[in-house]
Amino acid sequence: GDFDVSITVPSDHIMEATGVHQNRKDVFTAEQMKRWALAEKTFDKPVVIVTQEEAEAAEKGFSDKKSTWRFKAENVRDFGFSTSRKFMLDAMAVQLETKKPMAISMYPKEANPLWGDFSTKAVAQTLKTYSKHTFDYPYPKAVSVSAEDQGMEYPMICWNFGRPDKDGKYSDRIKYGMLGVVIHEVGHNFFPMIINSDERQWTWMDEGLNTFL
């Protein structure tokens, strides 16, 4: 189906969702808009759009103003979104053979430095690898959101676990577990989201193909 979704939240929130963001200028600062424009032309490493300093400043108070975020998605089977005043956001472009989607991550300060170092790079690598072995990723973006436990996918957006301890340190087990779940949940965009296989009836198909890739 086609989705045209407007979500109103406190003005200090940062949001990502399924679909193309329709009113970025209304919800980003002028400086954040400049960073986003840079990210759209950057292919080697993520550009930080919403900084940790900006996220920490938003976290100190609760805005009494509201902002509406609007997203439009065509020909998708579901819609997901995530919003918080704690989120920082980074992004980079991914050059595929016929497409140039954006790889994006949202995460709180509790997820750094792990997420800032690895999440968006893992998203980009997943899109390149899966596209190479199947077909160019047709969606305009893929978003990885930091969650404390497990992982879950929706079209263009997914939630992934893996956080350092309070001192910012993490083991190889945490690091590679986090990378593994990012790859897996972003990979579910191909199977079952794009291919639209019946994941309830033929679980082996979307999980099996995803794991194989």
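The values are calculated or read from the model by the stated rules, or taken from the named source; none is laboratory data. Since the structure is predicted, the reported quantities are computational estimates derived from the model, not experimental observations. For neighbour counting, all protein chains shown are included, and Cβ atoms are generated from backbone atoms with ideal geometry for every residue, glycine included. Heavy atoms of the whole protein, side chains included, go into the accessibility calculation; ligands, DNA and RNA do not. Shrake-Rupley method; radii C 1.70, N 1.55, O 1.52, S 1.80 Å.
From largest accessible area down, sort His188, His133, His13; use a 1.4 Å probe on the protein chains.
The most accessible residue leads, giving His133, His13, His188.
What is the log10 of I(q)/I(0) for the stretch 141-213, computed with the Debye formula using one identical point scatterer on each Cα and no solvent, at q = 0.12, 0.13, 0.26 Å⁻¹?
At q = 0.12, 0.13, 0.26 Å⁻¹ the computed log10 ratios are -0.35, -0.40, -1.14.
Going by alpha carbons, how many degrees (0 to 90, nearest 10) lie between the helix axis of 172-187 and the longest principal axis of the chain?
For 172-187 against the chain, the angle is about 70 degrees.
Which whole-number percent gives the relative contact order of the stretch 66-213, counting Cα pairs below 8 Å spaced six or more residues apart?
21
Using only Cα atoms, tell me the angle between helix 203-212 and the longest principal axis of the chain; keep it within 0 to 90° and round to the nearest 10.
With rounding to tens, the tilt is 80 degrees.
What are the ³J(HN,Hα) couplings of the stretch 133-142, residue after residue, when phi is run through the Karplus curve with 6.51, -1.76, 1.60 and θ = phi - 60°? Round to Hz, x for glycine and proline.
Listing the rounded values in order: 8, 10, 8, 4, 3, x, 6, x, 7, 9 Hz.
How charged is the neighbourhood of Phe161? Take every other residue with its Cβ under 15 Å from the Cβ of Phe161, and add Lys/Arg as +1 and Asp/Glu as -1.
Net charge in that neighbourhood comes out at -3.
Percent of Cα-Cα pairs per 10 Å bin, from 0 to the last occupied bin, for the chain, please list those.
Percent of pairs per bin, in order: 9, 35, 38, 16, 2.
I want to verify a result. In a Gaussian network model of the chain, Cα cutoff 10 Å, which of these has the top mean-square fluctuation: Phe81, Phe191, Phe62?
Evaluated over the chain, the most mobile residue of the options is Phe62.
If you keep only loop residues by DSSP, which GluC sites (Glu not before Pro) in the stretch 145-213 have at most 11 other Cβ atoms within 10 Å of their Cβ?
Passing sites in the stretch 145-213 are Glu148.
Residue by residue through the stretch 22-33, which ³J(HN,Hα) values in whole Hz follow from phi under the Karplus form 6.51 cos²θ - 1.76 cosθ + 1.60 (θ = phi - 60°), with glycine and proline marked x?
8, 9, 4, 5, 7, 10, 9, 6, 4, 5, 5, 5
Filter the trypsin sites (Lys or Arg not before Pro) in the stretch 138-213 down to the DSSP loop ones having no more than 10 other Cβ atoms within 10 Å, then list what survives.
When the trypsin sites (Lys or Arg not before Pro) of the stretch 138-213 are filtered for loop state and at most 10 Cβ neighbours within 10 Å, Lys166, Lys169, Arg200 remain.
Report, by chain and number, residues whose modeled amide H sits under 5 Å from the one on Arg85, excluding near sequence neighbours (fewer than 5 apart, same chain).
Distant-sequence amide H within range of Arg85: Ile14.
Do any chymotrypsin sites (Phe, Trp or Tyr not before Pro) in the stretch 171-213 lie in a loop, going by DSSP, with at most 13 other beta-carbon atoms within 10 Å of their beta carbon, and if so which?
The qualifying sites are Trp202.
Structure shown: which of Lys72/Lys169; Lys99/Lys169; Lys34/Lys65 lie over 29 Å apart, alpha-carbon to alpha-carbon?
Lys72/Lys169; Lys99/Lys169
Would you pull out the residues with amide H under 5 Å of Ile49's amide H, same chain only if 5 or more places away, H placed 1.01 Å from N?
Leu89, Asp90, Ala91
State the extension gain, in nm to one decimal, for the chain segment bounded by Arg200 and Lys34, taking 0.36 nm per residue of separation less the distance between their alpha-carbons.
Roughly 55.5 nm would be gained on extension.
Ignoring ligands, DNA and RNA, what accessible area per residue does the stretch 5-161 give at 1.4 Å, in Å²?
Heavy-atom accessible area per residue stands at 47 Å².
Whole-Hz ³J(HN,Hα) for each residue in the stretch 52-59, computed from phi via Karplus 6.51 cos²θ - 1.76 cosθ + 1.60 with θ = phi - 60°, x for glycine and proline: what do you get?
5, 4, 5, 5, 5, 5, 5, 5
Have a look at Val50, Val186, Val143 and tell me which one the Gaussian network model of the chain (Cα, springs below 10 Å) gives the largest fluctuation.
Val50
Accessible area of the chain with a 1.4 Å probe: how many percent of it is carbon plus sulfur?
Using a 1.4 Å probe with all protein chains present, the chain comes out at 51 percent carbon and sulfur.
With 13 Å as the cut-off, how large is the P(r) tail for the stretch 125-168, expressed as percent of Cα-Cα pairs?
In whole percent, the share of Cα-Cα pairs in the stretch 125-168 beyond 13 Å is 64.
Ignoring everything except DSSP H segments at least 4 long, calculate the 222 nm mean residue ellipticity for the chain; use -39,500 (n - 2.57) per segment, divide by total residues, nearest 500.
That comes out to -10000 deg cm²/dmol.
If Lys and Arg each add +1 and Asp and Glu each add -1, what is the summed charge of the other residues whose beta carbon sits under 14 Å from the beta carbon of Pro10?
Net charge around Pro10: +2.
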